[in-house]
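All remarks here apply to the structure that follows.
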Amino acid sequence: MGAMGAAEPLHSVLWVKRRRCAVSLEPARALLRWWRSPESGPSAPGADARSVLVSEIIAVEEKDDCEKHASSGRWHKMENPFAFTVHRVKRVRHHRWKWARVTFWSADEQLCHLWLQTLRGLLESLTSRPKHLLVFINPFGGKGQGKRIYEKTVAPLFTLASITTEIIITEHANQAKETLYEINTDSYDGIVCVGGDGMFSEVLHGVIGRTQRSAGIDPNHPRAVLVPSTLRIGIIPAGSTDCVCYSTVGTNDAETSALHIIIGDSLAIDVSSVHYHNTLLRYSVSLLGYGFYGDLIKDSEKKRWMGLVRYDFSGLKTFLSHQYYEGTLSFLPAQHTVGSPRDNKPCRAGCFVCRQSKQQLEEEEKKALYGLENAEEVEEWQVTCGKFLAINATNMSCACPRSPGGLSPFAHLGDGSSDLILIRKCSRFNFLRFLIRHTNQEDQFNFTFVEVYRVKKFHFTSKHVEDEDNDLKEQEKQKFGKICKDRPSCACSTSRSSWNCDGEVMHSPAIEVRVHCQLVRLFARGIEEES
């Protein structure tokens, strides 16, 4: 930003849409402003003043000669006009951004050239903007529109912003992950995935896995301290729910996401590692769901031929089955956080809770590193068991168009914690009341059968596994003696669910989960407060 601070302010009278305007550029404030200016009298900005941050200017280009003519009014007074166009971000409703442009005209060629060069110099000083991107396109996900969305909406904007790309259209599952392990990514400023949450998960696993391999870290060790990646990930939504994009930008609009990538936004988010017996199963950034959401995703995978309607069908089927599962949960409360799951403080751009919680977590880790205290000994693990309709752990709100608040409306993207939501066995009617609250503004945790905790780690073991362990111990005691065939535990009467890990089925009745604070960065800034 050094060049921006060194540039001199500019103040000129230019024409915009045949109107005489005062135009100012203040490098110290990184702000371009323009407003109506009468030919006589003072020219102070009024209610009609327009402005754009330099950081939200996409590009500045010289207007072609063939476009430098107007046909009526005062415009005839300007012979041989010169012009430049500023392409910028424009905010519209519901957190959406649009590409907009404004053209400034003048009879003074040197003045136009000065403005053009000054603005371009300021844009070149913005070092956070990507110049070369690797793009993965999933042509099959969601409605199968990924390639069309990229070519029609995203590619023209990247070209306008002088961003070069290398495009890979995936042909099979895990191709993006495998590619990121194999290629040299040093020449790229970021990775862009065009698709749904499954496509993003592939890129996420590839980026994290490659980073740990380069750092010599074994990700299979549950206590391993993972190294954050320097590569940012951009998401162009083209899936069925686009939960990650919706929770980090506020909308699943492709043009909005492309503009966030172009201006070089950066947002650090938490990632949970999921282990079983010293083996890494998966990483999760949005939802880990056992019971209802696990059964739903497992059943929907068998009905891909139905398209997107399979989620509605499987959701209804799972709800009517009303299956509950027994198990034991132990969790470590996140005492470093400055928020709680029910404090009515949603995560927003520049979030104070995320920033402050990260600082306090780092202080805890420093104390543990120097042996001043062991955080896990100071903080006591809590244990609970019972019959559950659903067990959900969310690193973000998990919002989507159907559920604008999400599964945990006040979860935070980068506070180093996960919201653990336990829905104990209840009537089908009460469970329906709980599900309906995902679509409105009521407190969805305000039920006697619902518990919510903000945690750093948790372990879960299903009753099925506990019974198997007890059987093994009993067999050892009997030294391979006869096992009674009529024992319920031997007959596996205790049913078990699967896990929904960011929309993918994960079969593991026992898991160990740990949250890694701000492990990856996205081309996003968090959801902005709407004025």
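Provide HIS132, HIS507, HIS172 ordered by accessible surface of protein heavy atoms (probe 1.4 Å), highest first.
HIS507, HIS172, HIS132
What order, most packed first, do the peptides 455-461, 357-363 have when packing is the mean number of other Cβ atoms within 10 Å of each residue?
The peptides rank, most packed first, as 455-461, 357-363.
Probe 1.4 Å, all protein chains in place: accessible area of CYS517 in Å², nearest 10?
30 Å²
As a quick test, which of the pairs LYS143/LYS302; LYS317/LYS387; LYS345/LYS457; LYS298/LYS463; LYS143/LYS345 have an alpha carbon distance above 24 angstrom in this structure?
LYS143/LYS345
Given Cα pairs under 8 Å that are at least 6 residues apart, what percent is the relative contact order of region 189-241?
So the answer I get is 58 percent.
I want the antiparallel fraction of DSSP beta bridges within region 128-265, as a percent rounded to 5.
If I count the DSSP bridges inside region 128-265, around 0 percent turn out antiparallel.
List the DSSP H helices in the chain whose Cα atoms stretch 24 Å or more along the helix axis and whose mean Kyte-Doolittle hydropathy is at least 0.0.
none
So what is the relative contact order for region 196-304, in percent, with contacts set as C-alpha pairs under 8 Å and at least six apart?
Across region 196-304, relative contact order equals 25 percent.
Dimensions of the chain along principal axes (Cα, Å, largest first)?
104, 56, 46
Taking H as built 1.01 Å from N, whose amide H comes closer than 5 Å to the amide H of GLN518, not counting residues under 5 places away?
Distant-sequence amide H within range of GLN518: ASP270, VAL271, GLY416.
In whole angstrom, how long is each semi-axis of the equivalent ellipsoid of region 128-265, when you take the square root of 5 times every eigenvalue of its Cα gyration tensor and sort them from largest down?
Working from the Cα gyration tensor, I get semi-axes of 24, 17, 14 Å.
Find the accessible area per residue for the chain; the probe is 1.4 Å, ligands and nucleic acids are left out, and the unit is Å².
49 Å²
Evaluate the relative contact order of the chain (contact order divided by residue number), counting alpha-carbon pairs under 8 angstrom at least 6 apart; express in whole percent.
16 percent
Accessible area of SER321, 1.4 Å probe, to the nearest 10 Å²?
Its heavy atoms expose roughly 70 Å² to the probe.
Label-point separation (nm) for VAL383 and GLU61, each offset 7 Å from Cα along Cα-to-Cβ?
6.7 nm
Which of the listed residues, PHE449, ILE391, ASN430, is farthest toward the dipole's positive end in region 365-460, when Lys, Arg count +1 and Asp, Glu count -1 at the beta-carbon?
Looking along the dipole axis, the top candidate is ASN430.
Name the long-range amide H neighbours of GLY190: under 5 Å, sequence gap of 5 or more, or other chain; modelled H, no Pro or chain starts.
Here the answer is LEU134, since their amide H atoms fall under 5 Å of that of GLY190.
Could you tell me the accessible area of VAL383 in Å² (1.4 Å probe, neighbours in place), rounded to the nearest ten?
Its accessible surface works out to 110 Å², give or take rounding.
The values are calculated or read from the model by the stated rules, or taken from the named source; none is laboratory data. A quick note: this is a predicted structure, and the numbers were derived from the prediction, not measured. So basically every Cβ, Gly included, is an ideal-geometry build from the backbone, and we count neighbours across all protein chains shown. Only protein heavy atoms, including side chains, enter the accessible area calculation; ligands, DNA and RNA are left aside. Shrake-Rupley method; radii C 1.70, N 1.55, O 1.52, S 1.80 Å.
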